[in-house]
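The values are calculated or read from the model by the stated rules, or taken from the named source; none is laboratory data. In this text the structure is predicted, and so the values were computed from the model without any measurement. Here Cβ is always computed from backbone atoms with ideal geometry, including for glycine, and neighbour counts include all displayed protein chains.
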Amino acid sequence: MAGTASALAAVAQNGQGVVYMLNHLIQGNNIQTSKGTFTAKDFAKEWNSGGKKLIEQHWRDGANQSTGHDAPTAEYDPSDDVEDRDAYYEQEFMQGKHEWIPTNMLGYVVEHAFHHKDPQWLYFAEALRIPTRLVVVFPEKVGATALTGHVGALYGYNGSTGKYRAITKGQAKFHDVLRTLLKTYLSDTKNDKLGYEQAFFKHVHEYYWQGIGYPTGMNAFTDCPYFFNSGVSTYSSWGGKMWQMAEKLKEGWDIWRVVAHKVFDAALKPTTPVTSFFTLSTASGKKFPGDDGDDGSKY
């Protein structure tokens, strides 16, 4: 995998990363490295001898890592003439991101993107993500008896032990559905991005509670016992009542839905500009649920 490592190092010198490198190779371009010319054929030769592992290691960033930037809190109003503007900013974190194309399918995506010479699947694997805390699943879709979710999204609190417990029954089932969804529209013989888009949004609508209505056995004024992971070993309440949790979920999903449609539009209609989940939310003066304000209160 020495050639793959050298190619990654070469693109990094120009401020580029693994997705750029793969896209460059898929389109038939070569990469000049310190060891010579690196081609798509060289990449394929190293794939099963360490190349795949190296690509996967460089692809993902960790959850809840500091971005090195500050973001305005919900209380900040740029029109106010305040003396201490720093009091209205807080450290910005990369949220834990759930990949709609599961991480262990990354190798599959890369192989088939090269097979079809279609780098847009790399773009889907990179851009189709959502803050993990929003991935709350309807129990009946995964064989659970109560609300469940992805790791990071839903926790119960045990007052006697002082510990939080992840509520994730059925997590493997909806990940399997996502894997099947991908393989249905991307395979050796199929490259159907439009079909994938339609099936993807249908799946999202059916499986995840997005703050509209209430799961079976709950209503707006039911006590909310749920927490989410809001940082490293840090947990925040979704709210005192279920309507508060629903409100936060709806806000997050409404923002995400706009971004997700733009991701597909950018692939299928390349003139459409794309922005990020984080840009949209901060531009509207919003924080992610649970981010701390300057007074220590929760959103």
For the stretch 13-24, indicate whether the set of residues that are in contact (Cβ under 8 Å) with a residue 12 or more places away in the chain and touching a Ser or Thr at 6+ places or on another chain (Cβ under 7 Å) is non-empty.
no
Which of the residues that make up the stretch 229-251 are assigned to a loop (DSSP other than H, G, I, E, B), under 24 Å from the mean Cα position of the chain (by Cα) and exposed (fewer than 15 other Cβ atoms within 10 Å of the Cβ)?
Val232, Ser233
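Please enumerate the residues belonging to the stretch 217-260 that are of a type in the set (Val, Ile, Thr) and farther than 14 Å from Leu134 by Cα.
Quick first cut of the stretch 217-260, residues of a type in the set (Val, Ile, Thr) only: 222, 232, 234, 255, 258-259.
Scanning the stretch 217-260 gives Thr222, Val232, Thr234, Val258, Val259.
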From Tyr207, Tyr226, Tyr185, Tyr164, residue being hydroxyl-bearing (Ser, Thr, Tyr), within 21 Å of Leu106 (Cα to Cα) and buried (at least 16 other Cβ atoms within 10 Å of the Cβ):
Tyr185
What residue, among those in the stretch 19-44 that are outside any loop (DSSP other than H, G, I, E, B) and more than 18 Å from Lys117 (Cβ to Cβ), is farthest from the chain's Cα centre (by Cα)?
Gly36
Confirm whether Gln198 is under 21 Å from the mean Cα position of the chain (by Cα), polar (S, T, N, Q) and closer than 18 Å to Ala260 by Cα.
yes
Among (1) in contact with a strand residue (DSSP E or B) (Cβ under 9 Å, 6 or more places away or on another chain); (2) of a type outside the set (Asp, Glu); (3) modelled with pLDDT under 90, which single condition is Ala87 missing?
(1)
In the stretch 113-146, what residues are farther than 16 Å from Leu178 by Cβ, small (Gly, Ala, Ser) and in a helix (DSSP H, G or I)?
Ala113
From the list Ala199, Ala153, pick out the single residue that is outside any strand (DSSP E or B) and at pLDDT below 95.
Ala153
If the Cβ limit is 8 Å and pairs must be 6+ apart or interchain, which residue in the stretch 36-50 that is on the phi < 0 side of the Ramachandran plot pairs with which residue that is of a type in the set (D, E, K, R)?
Trp47/Glu111
